[in-house]
Structure formats: C-alpha cells, structure tokens
Amino acid sequence: MQTSNVKKGFRLATLIVLTLLLLLPLFVGISLSLSSSQSIAQGHLLPDHLEFANYVKVFTSTSMTKFLWHSFIISGSVMIGQVILSIMAAYAFVFLEFRFKKAAFILFLSTMMLPFEAQIIPNFATMRDLNLLNTYAAIGLPFLASAFGTFMMKTSFEQIPTALIQLSDIEGLNHFQFATRVVMPYTKVSIITFALYSFLTNWNMYLWPLIATTNDNVRTVQIGLRQLRSQDTASNWGLIMAATIVSVIPTLLIIFLGQKYFKKGLTNGVIK
C-alpha cells in the first residue's frame, strides 16, 4: 500500500514539475508584457509595476487588429473547407465502391510524404498564374484538401457499426441522408477534433502567408508579430510581448475548450 502511494506521489510530483516547465515561457511572456521597457532593459523578469498600457497600444498603435482579423478569416475558411472535403473524401473511400479504390487511397496518402518545402514553388507558380497572389485565396486555397484529415475521417467512419448501415439501408436513406443523419452525428467527436487541429495549424502558419503576399492587406498575425520588430518598436519589448500574448490567446482558448474532444479523439484511436 505504501509503495503504491509513493508511486502515485512521484507521478504527481513529476507531472507538476513538467507542467511548470511547460508553462514557464507563457508566464515569462505575460510578465514581460506587463513590464515597462526600462524594467525589461534592466533584466527584470517581474514587472516593477503593471503596464496594462502595452495591451492598449497593441490595438491602438499597431495593425494587430487587422492582422488578427485576417488570421480568423483564413484559418476559419480553411478549417471549414478541410472538414467538408475530408468528410466527403472519407465517405467515398469507406461507403462507395469504385475501381482502384485502394490504389487511389494509397496515392492520396502518399501526398503526406511530400515535405512542405517541396510544395512551395509549385503552389506559388499556380497562385501566380491564377493571379491570386495577395489574396485570401492564395493563402488558403493550397491547403483546402487534407490527406491527414481524410485519413482521420476514414478511420473514424470505419468504426460505425454494421447494424447502423444495414438499418439505414432498410429505411431507404440516400447517401446524403446517411452521411448527415448517421455518419456525422456518430463521428462528431472526430470531426470536432480535426476541426480544432485544422484551425490551430493554419493559425500558426508563417512561411506560406509570407511568400504568397507582399503587402499587409491580407497578411496574418504571425507576420504582424515579426513586423513589430521594426525600427519604431524594436526597443519596446513590452509591446511586442503583449502582442504575442494576444496572438496566442485564441490558440489557448481552443486548446482549453476543446481539451475533452482531443482526449476523446486520442482515446478512440482517432489520432495515432
């Protein structure tokens, strides 16, 4: 009994230490965002007095509001597109019969083996030829189809009980009715999990939006953070850290609010 309690105590202490180590950068960032430039220059990690004005300046003295709005539009649009196309593709691979289905699925999954760097030049040339550079479409269109999302949805759809499929056939449901009334409600957790993952991935994207745009009309928040280190604000680290915390808040909210879906997804073997 004592040995069991010691093991539990050791595991709990280990988890607490690891949690503190993971949260330490966030705590330091919040502390610096509430510090004055003078305090940061003196090497203080804790503020001498709280500078909430840094957060006010983020929205009044910079273009971060615009960059945040761009990120919401692009991340939300790509998330919706990926979820819809992944569901449609996975449904076809699981419930429809057609020639070379296995070969098509293998070929589809093989695109996951291509590194993103190998796709930059073809994607850029395509967007340029379509005259879409410096638009929302240029940033989001190359990522609307997701091989990972299709694989994830297919794995989830295959777990639907055969009895439900047979019952749907008896009721005479067509493919659209079966997908919306049976498949999607049954795999709701997997769909929400992938939607959250998709949003986070696109929100944190930096390289492709930088390549596909040359002005601030559609650029995202990650590029906006980099631009804050310009000549005017390079020395104002409190402002830069405040902008960083603001840009991180949406991802933190998604992680905390969607934690139960991530956990269920892992439990059900959806994400492997």
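Can you tell me which of LYS101, LYS66 is modelled with pLDDT under 90 and basic (Lys, Arg)? Give the derivation first.
Details: LYS66 fails: modelled with pLDDT under 90.
Of the residues listed, the single one that is modelled with pLDDT under 90 and basic (Lys, Arg) is LYS101.
Please verify whether region 33-49 includes one or more residues that are outside any helix (DSSP H, G or I), β-branched (Val, Ile, Thr) and surrounded by 14 or more Cβ atoms within 10 Å (Cβ to Cβ). Checked region 33-49: no residue is outside any helix (DSSP H, G or I), β-branched (Val, Ile, Thr) and surrounded by 14 or more Cβ atoms within 10 Å (Cβ to Cβ).
Does LEU164 satisfy the condition of being assigned to a helix (DSSP H, G or I) and more than 19 Å from the chain's Cα centre (by Cα)? Yes, satisfied. In region 155-175, the residue that is most open to solvent (accessible area, probe 1.4 Å) out of those that are farther than 22 Å from SER86 by Cα and among the aliphatic types (A, V, I, L, M) is ILE170.
For PRO142, the conditions (1) open to solvent by 30 Å² or more (accessible area, probe 1.4 Å); (2) in contact with a helix residue (DSSP H, G or I) (Cβ under 9 Å, 6 or more places away or on another chain); (3) farther than 19 Å from LEU207 by Cβ are fulfilled apart from (3).
Of the residues examined, LEU130 is not one that is closer than 24 Å to ASP216 by Cα, open to solvent by 50 Å² or more (accessible area, probe 1.4 Å) and touching a residue at least 12 places away in the same chain (Cβ under 8 Å).
Regarding LEU228, is this residue over 26 Å from SER77 (Cβ atoms), of a type outside the set (S, T, N, Q), open to solvent by less than 80 Å² (accessible area, probe 1.4 Å) and at pLDDT below 90? Spell out the reasoning first.
Working: over 26 Å from SER77 (Cβ atoms): no; of a type outside the set (S, T, N, Q): yes; open to solvent by less than 80 Å² (accessible area, probe 1.4 Å): yes; at pLDDT below 90: yes.
So LEU228 fails the test.
Cβ-Cβ contacts under 6 Å between residues 6 or more apart (or on different chains), taken from a first residue in region 96-123 that is farther than 20 Å from LEU210 by Cα and part of a loop (DSSP other than H, G, I, E, B) to a second residue that is of a type in the set (Gly, Ala, Ser) and open to solvent by 60 Å² or more (accessible area, probe 1.4 Å), are absent.
Could you look through region 176-197, keep only residues that are of a type in the set (Phe, Trp, Tyr) and within 17 Å of PHE93 (Cα to Cα), and pick out the one that is surrounded by the fewest Cβ atoms within 10 Å (Cβ to Cβ)? Break it down stepwise before answering.
First pass over region 176-197, keeping only residues of a type in the set (Phe, Trp, Tyr): 176, 178, 186, 194, 197.
Restricting the remaining residues to those that are within 17 Å of PHE93 (Cα to Cα) gives 176, 178.
On the way: PHE176: 9, PHE178: 19.
Going through the qualifying residues, I end up with PHE176.
Considering only residues that are assigned to a helix (DSSP H, G or I), more than 13 Å from PHE67 (Cα to Cα) and open to solvent by 20 Å² or more (accessible area, probe 1.4 Å), which ones fall in region 203-225? Scanning region 203-225 gives LEU207, ILE211. In this structure, does PHE67 turn out to be touching a Lys or Arg at 6+ places or on another chain (Cβ under 7 Å), over 30 Å from ASN174 (Cα atoms), open to solvent by less than 100 Å² (accessible area, probe 1.4 Å) and not basic (Lys, Arg)? Yes: the conditions hold for PHE67.
The values are calculated or read from the model by the stated rules, or taken from the named source; none is laboratory data. All values derive from a computational prediction rather than experimental measurement. No Cβ is skipped: glycine too gets one built from the backbone with ideal geometry, and neighbour counts run over all protein chains shown. Accessible surface areas use protein heavy atoms only, side chains included; no ligands, DNA or RNA. Shrake-Rupley method; radii C 1.70, N 1.55, O 1.52, S 1.80 Å.
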